[in-house]
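The values are calculated or read from the model by the stated rules, or taken from the named source; none is laboratory data. These figures come from a predicted structure and were not determined experimentally. Heads up, the Cβs are rebuilt from the backbone with ideal geometry, glycines too, and the neighbour counts pull from every protein chain shown. Only protein heavy atoms, including side chains, enter the accessible area calculation; ligands, DNA and RNA are left aside. Shrake-Rupley method; radii C 1.70, N 1.55, O 1.52, S 1.80 Å.
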Amino acid sequence: MFDVLIIGGGVSGMSCSLILGSAKNKSFVSDKKIGVFTHQKTSSLQEALFNNAYGIPSGKLGSDLLKESTDQLSATHPHIVQIPNEKALKIEGEFPNFTVITNRSNYNTKMIVIGIGAANTFAIEGLMQYVEPHKKSLPEKQRIQLKNNDHKVAEGIYVIGTLAGWRSQLAIAAGSGAAVATDILTLWNHGIQTHAHDSIR
């Protein structure tokens, strides 16, 4: 049983994973099992070129960032389970006992974070009732989002990145993933507001 499964290995999903991973030494996180589906083939980063993203050298390719992010997660937070080459097809159950069904296996989890982009090909069974037109995208692009209140879709289900209704900018997507990670940390910390910072001190 996972405590949280993150569906999506793009900017928002990896940002969420890295923040949760960096909190591993907190007493209320040390026993938590965290997993991330790192399927990245349809990520919008595959064709991206960055010249305007804070902290990223100009000319950086999105495809390189995708690989570097999973390598970074493996190196710095090996306790987080990476699940590559699997696509979530269906979600069953309710908080705190969900089942995520993929093209290869089934996974049980207490919470779910979804960050797989805003394409109108979204087709995860069990979530289709939350789909609505994207509020910050041009209508002709036919983007979608999941209905949410501050990233929360339903009890135990969160949405991040463009699928949460944000614009497609790397910094926005990363911040969205980080915001949900700190919401989850706060929940694990019995409602006491918290976050995770690394320091040279």
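Couple of notes before you dig in:
- Between 69, 105, 74, the distinction of being of a type in the set (Ser, Thr, Tyr), in contact with a Ser or Thr (Cβ under 9 Å, 6 or more places away or on another chain) and either open to solvent by 20 Å² or more (accessible area, probe 1.4 Å) or closer than 27 Å to residue 30 by Cβ (or both) belongs to 69 only.
- Residue in the stretch 113-128 that is of a type in the set (A, V, I, L, M), at pLDDT 95 or above, open to solvent by 40 Å² or more (accessible area, probe 1.4 Å) and over 30 Å from residue 25 (Cβ atoms) present: yes
- The C-beta contact set for the stretch 182-201 (first residue touching a residue at least 60 places away in the same chain (Cβ under 8 Å), second residue among the small types (Gly, Ala, Ser), distance under 6 angstrom, 6+ apart or interchain) comprises 185/23; 196/22; 196/23; 198/22.
- Restricting attention to the stretch 168-201, the residues that are modelled with pLDDT of 95 or more, under 15 Å from residue 11 (Cβ atoms) and either open to solvent by 70 Å² or more (accessible area, probe 1.4 Å) or in contact with a His (Cβ under 8 Å, 6 or more places away or on another chain) (or both) total 3.
- Residues satisfying the stated conditions in the stretch 29-48, i.e. over 15 Å from the mean Cα position of the chain (by Cα), at pLDDT 95 or above and of a type outside the set (D, E, K, R): 29
- Test: residue in the stretch 146-156 that is touching a Ser or Thr at 6+ places or on another chain (Cβ under 9 Å), touching a residue at least 12 places away in the same chain (Cβ under 8 Å) and open to solvent by 40 Å² or more (accessible area, probe 1.4 Å): no
- Members of the stretch 135-154 that are part of a loop (DSSP other than H, G, I, E, B) and hydrophobic (A, V, I, L, M, F, W, C): 138
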